[in-house]
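Peer 1: First, the structure itself, so that you have it in front of you.
The values are calculated or read from the model by the stated rules, or taken from the named source; none is laboratory data. Quick caveat, the model's predicted, so the values are computed rather than measured. Please note: Cβ atoms are built from the backbone with ideal geometry, for glycine as well, and neighbour counts cover all protein chains shown. Surface accessibility is based on the protein's heavy atoms, side chains included, excluding ligands, DNA and RNA. Shrake-Rupley method; radii C 1.70, N 1.55, O 1.52, S 1.80 Å.
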Amino acid sequence: MSLEYILYASMEQEININYPSELPIVAHREEIVRAIRASQVVVIAGDTGSGKTTQLPKMCLEAGRGVRKRIGCTQPRRIAAISVAERVAEELGPQADLVGYKIRFKDQTSRNTRLKFMTDGILLAEAHHDRNLAAYDTIIIDEAHERSLNIDFLLGLLKQLLARRPDLTLLITSATIDTARFAKHFGNAPVIEVSGRTYPVEVRYQPLDPEKEEEGEQSYVDQAVEAVHALCRDEGPGDILVFMPSERDILETVESLQARMGKGRGPTAFVVLPLFGRLSPGDQKKIFQPVKGRKIVVATNVAETSITVPGIRYVVDTGLARMASYNVRARTSKLPIVPVSRASCDQRKGRCGRVGPGVCVRLYSDEDYANRPEYTPPEILRTNLAEVILRMISLKLGDPAKFPFLDPPSGRAIQDGYGLLTELGALDRHRHLTANGRLMARLPLDPRISRMIIEARDHNALREVTIIAAGLSIQDPRVRPVDKEAVADAAHARFSKVPSDFLFFLALWDGYHATFDKLHSLSKMRKFCASHYLSFLRMREWRDIHEQITQVLGEEPGFAMNTQPATPEAIHRAILSGNLRNIAVKKEKNLYQTGGGKEVMIFPGSSQYGKTGDWLMAAELVETSRLYARTVAEISPEWIEPLAGELCRSSYSEPHWEKGRGQVVAYAKISL
């Protein structure tokens, strides 16, 4: 059953809007439409399953928005932007052409588009070229609770923009949102709360035994497998969703479940499916396909809000996730497994109880749950701010310390961001953009990676370094399907017989394009990627980023691509210019000491594990179970001083008379 409303978007076009009456948000339709018409900012908190993501854009149309300008709807992830756009277009039926979407390198909009779905990064990029976002009369920021860097940046920009554009309407929506703080930040904006489409959910706490866990006799993977087995044995039909913190945990859980429960027949039949970001699109889509028997999906927190797994009646929650953070003192990135917030726990619980009464098994105690922070710390409080500051200076947005962030970053973090940009030569001593800084702001890359490209010009290695720079900017294109890891590793090995991890990208690119030049067929390239266990979409994204880099460089004088191959030394010298913070000297095999005195190990998955010399550089230093150097290359210490320049500090000792030279000399020690 649906409710139908007719309105006129313009004098020429009549629009029929249908609302599925079973969605809880439809009961609030009149209240929401009134609020959109009356207020410049509206905050809407809707539980999972309430229909807010798909129905709010249509309510904006009903409220008279999107007539002469567009309604922009942001999503944190590309997969969500596409799937929501397709769903809304389907619901609009004959008026489907009013809906379009835009993600990185793919624009599916037209002159008729009134509802434009996009990633928050796309809207930020548009703000770079149009400070007033003149193409829109309404902006919807969805999944605001994720508090990503892009979302917080957008909210700050929009807060400034609303004063200049009284005709602009902003809707902030999420399933688990700190509504009072958002409302206060936007001048006590009205808040509308919408309950979800849920059945009762029974919560069962089954914490691990601390002593057994400490002694290695029990892990959260073991406990999760036991909980799934008990649900299959004791409960009625229905699919199960298991939350795990990492890809490795997921693969281990899938393997353990298959070994523990056998194949099953008839009513006891089941299919175990993994779900994580690096999985190929084909494997990700399997979770949406019907199966015979029970479906057991083992996922990271991507299944918390971004992807709705249909048919879930039971959830097993470890209460854990990998969360990236940046240590300002140590200047290292961390990717530890940590307990998630209460809001995330509740979000996970909300994934069952949508099709019938549900059960959520929590592998932690109720006391543990009660003591967790209410919300996840926003990304801006746990990230390197160099890229944010560079973007703000380029956009002339003023002092980062005074920008209206919902949660302003610490002064120390801001100083560290400025420090890195100065080290990279993007800013002068007065914190003004240099010529290199202006170019770095134009490139769609991390400032450290942009610096490598600028240095490559002076080493006649521009062709090679632009390829590597684009490769460092995407998710690893290698795919390792479940049960085929060894075959995939063997397929990747042909590209890994190179003297550094950075040169792997070059070998892969050259192998891919040598084949592409011969085949001239996208379908055959898909087969090439499949046979070599590569993600076709990521390889395409790599090509798109590379093309964007070359377009920017083509507009700059002095950035002609070298026609003769660059030497490995020239390539690595250029790459070192962006990695001066990530150099280390050998202590023993695979163990190195960084400039800050920390011990770092070469990541075991590196092609250079066990092969590097006395000095190395890394693309990143990441702390998980220990501090690892990832994507590494051997370097010569003589390369460092010319690149570091004023960053070097000299000290002198043991002055003495050098008879042959007829002068006093001393030993110099240079430190970075």
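Peer 1: Dividing the convex hull volume of the Cα atoms of segment 452-549 by its residue count, what figure in Å³ per residue is obtained?
Peer 2: 103
Peer 1: To continue, here is another question. What FRET efficiency, computed as 1/(1 + (r/R0)^6) with R0 = 22 Å and r the Cβ-Cβ distance, is obtained for Ser531 and Arg278, rounded to the nearest 0.05?
Peer 2: 0.75
Peer 1: While we're here: Give me the lysines in straight-line cross-link reach of Lys349: C-alpha distance below 19 Å, same-chain residues under 8 apart excluded.
Peer 2: Cross-link targets: Lys52, Lys295.
Peer 1: OK, next. May I ask you to evaluate 6.51 cos²θ - 1.76 cosθ + 1.60, the Karplus curve with θ = phi - 60°, for each residue of segment 78-87 and list the ³J(HN,Hα) values in order in whole Hz, giving x for glycine and proline?
Peer 2: Computed from phi, the couplings for segment 78-87 are 4, 4, 6, 4, 5, 5, 5, 4, 5, 5 Hz.
Peer 1: Now for a different question. Can you work out the Karplus-derived ³J(HN,Hα) for every residue in segment 620-631? Use 6.51 cos²θ - 1.76 cosθ + 1.60 with θ = phi - 60°, whole Hz, and x for glycine or proline.
Peer 2: Per residue, the Karplus-derived 3J(HN,Hα) values read 7, 10, 10, 9, 10, 6, 7, 7, 10, 9, 10, 6 Hz.
Peer 1: Another one. Please list 112-119, 65-72 highest first by mean number of surrounding beta-carbon atoms within 10 Å per residue.
Peer 2: 112-119, 65-72
Peer 1: Angle check, please: helix 462-472 long axis (alpha carbons) against the longest principal axis of the chain (alpha carbons), in degrees 0 to 90, nearest 10.
Peer 2: 40
Peer 1: Along the principal axes of its C-alpha atoms, what lengths does segment 288-388 span, in descending order and rounded to whole Å?
Peer 2: Ordered largest first, segment 288-388 gives principal extents of 52, 34, 18 Å.
Peer 1: Now a separate question. Could you sort out which of Lys184/Lys334; Lys102/Lys159; Lys286/Lys524 sit more than 27 Å apart by Cα distance in this structure?
Peer 2: Numbers: Lys184/Lys334 32 Å; Lys102/Lys159 23 Å; Lys286/Lys524 23 Å.
Listed pairs above 27 Å: Lys184/Lys334.
Peer 1: Check which residues have an amide H placed less than 5 Å from Val272's amide H, if you skip close sequence neighbours.
Peer 2: For Val272, whose amide H was placed from the backbone, the distant partners under 5 Å are Ile296.
Peer 1: What are the lysines whose alpha-carbon lies under 18 Å from the alpha-carbon of Lys106, with same-chain residues fewer than 8 places away excluded?
Peer 2: Within the straight-line cut-off, Lys106 pairs with Lys116.
Peer 1: For segment 570-580, take each phi angle, set θ = phi - 60°, evaluate the Karplus expression 6.51 cos²θ - 1.76 cosθ + 1.60, and give the result in whole Hz per residue in order, putting x for glycine and proline.
Peer 2: Karplus-based 3J(HN,Hα) across segment 570-580 equals 4, 4, 6, 4, 5, 5, 4, 4, x, 10, 4 Hz.
Peer 1: Right, here's the next one. In a shell of Cβ-Cβ distance under 15 Å around Asp614, excluding Asp614 itself, what net charge do Lys and Arg (+1) and Asp and Glu (-1) give? Don't skip to the answer; put the middle values down first.
Peer 2: On the way: positive: Lys586, Lys587, Lys589, Lys611; negative: Glu588, Glu634, Glu638.
Within the 15 Å Cβ shell, the charges total +1.
Peer 1: Still on this structure, I have one more. Is there a quick way to get the dipole size of segment 404-472? I mean about its Cα centre, with the Cβ of Lys and Arg at +1 and of Asp and Glu at -1; what is the value in debye to the nearest 20? Write out the running numbers ahead of the final one.
Peer 2: On the way: 9 positive and 8 negative charges, 37 e Å.
Dipole magnitude for segment 404-472 comes out near 180 debye.
Peer 1: Check which residues have an amide H placed less than 5 Å from Met244's amide H, if you skip close sequence neighbours.
Peer 2: Ala299, Thr300
Peer 1: Let me ask something additional. On a 0 to 90 degree scale, rounded to 10, what angle separates helix 522-531 from the longest Cα axis of the chain?
Peer 2: 70
Peer 1: Can you work out the FRET efficiency for the pair Arg372 and Thr624, with r the C-beta to C-beta distance and R0 = 22 Å, to the nearest 0.05? All intermediate terms of the calculation are to be shown ahead of the outcome.
Peer 2: Values: r = 21 Å, r/R0 = 0.97.
Efficiency, from the Cβ-Cβ distance: 0.55.
Peer 1: Something else: Using a 1.4 Å probe and counting only protein heavy atoms, arrange Trp657, Trp639 so the residue with the most accessible area comes first. List each step's numbers first, then the result.
Peer 2: Details: Trp657 155, Trp639 25 Å².
The ranking, largest first, comes out as Trp657, Trp639.
Peer 1: Compute the distance in nm between two label points, each set 7 Å from the Cα along the Cα-to-Cβ direction, one at Asp510 and one at His229.
Peer 2: Each label point lies 7 Å from its Cα, and together they span 5.2 nm.
Peer 1: Using Cα atoms only, what is the angle between the long axis of helix 220-234 and the major principal axis of the chain, expressed in degrees (0 to 90) to the nearest 10?
Peer 2: 20
Peer 1: What distance in nm separates the two pseudo spin-label positions at Arg494 and Thr563, each 7 Å out from Cα along the beta-carbon direction?
Peer 2: According to this spin-label approximation, the distance is 3.0 nm.
Peer 1: Amide H of Gly358: which non-local residues (sequence gap of 5 or more, or other chain) have their own amide H closer than 5 Å, using H built in the peptide plane?
Peer 2: Those qualifying (amide H under 5 Å, at least 5 residues apart or on another chain) are Val201, Glu202, Gly353.
Peer 1: What is the Cα centroid distance between segment 94-129 and segment 413-489, reported in whole angstrom?
Peer 2: 27
Peer 1: Of the listed peptides 314-320, 484-490, what is their order by residue-averaged count of other C-beta atoms within 10 Å, with the highest listed first?
Peer 2: On the way: 314-320: 25.7, 484-490: 12.4.
Sorting 314-320, 484-490 by mean packing, highest first, produces 314-320, 484-490.
Peer 1: Rounded if a/c is under 1.5, else prolate if a/b is larger than b/c, else oblate: which is segment 482-632, with a ≥ b ≥ c the root eigenvalues of its Cα gyration tensor? Let's see the in-between values first.
Peer 2: Numbers: a/c = 2.24, a/b = 1.32, b/c = 1.70.
In terms of gyration-tensor shape, oblate.
Peer 1: Keeping all protein chains in place and using 1.4 angstrom, which order do Asp399, Asp517 fall into by accessible surface area, from largest down?
Peer 2: Heavy-atom accessible area, descending, gives Asp517, Asp399.
Peer 1: Need one number: nm distance between label points at Glu90 and Glu247, each 7 Å from Cα along Cα→Cβ, rounded to one decimal.
Peer 2: 2.9
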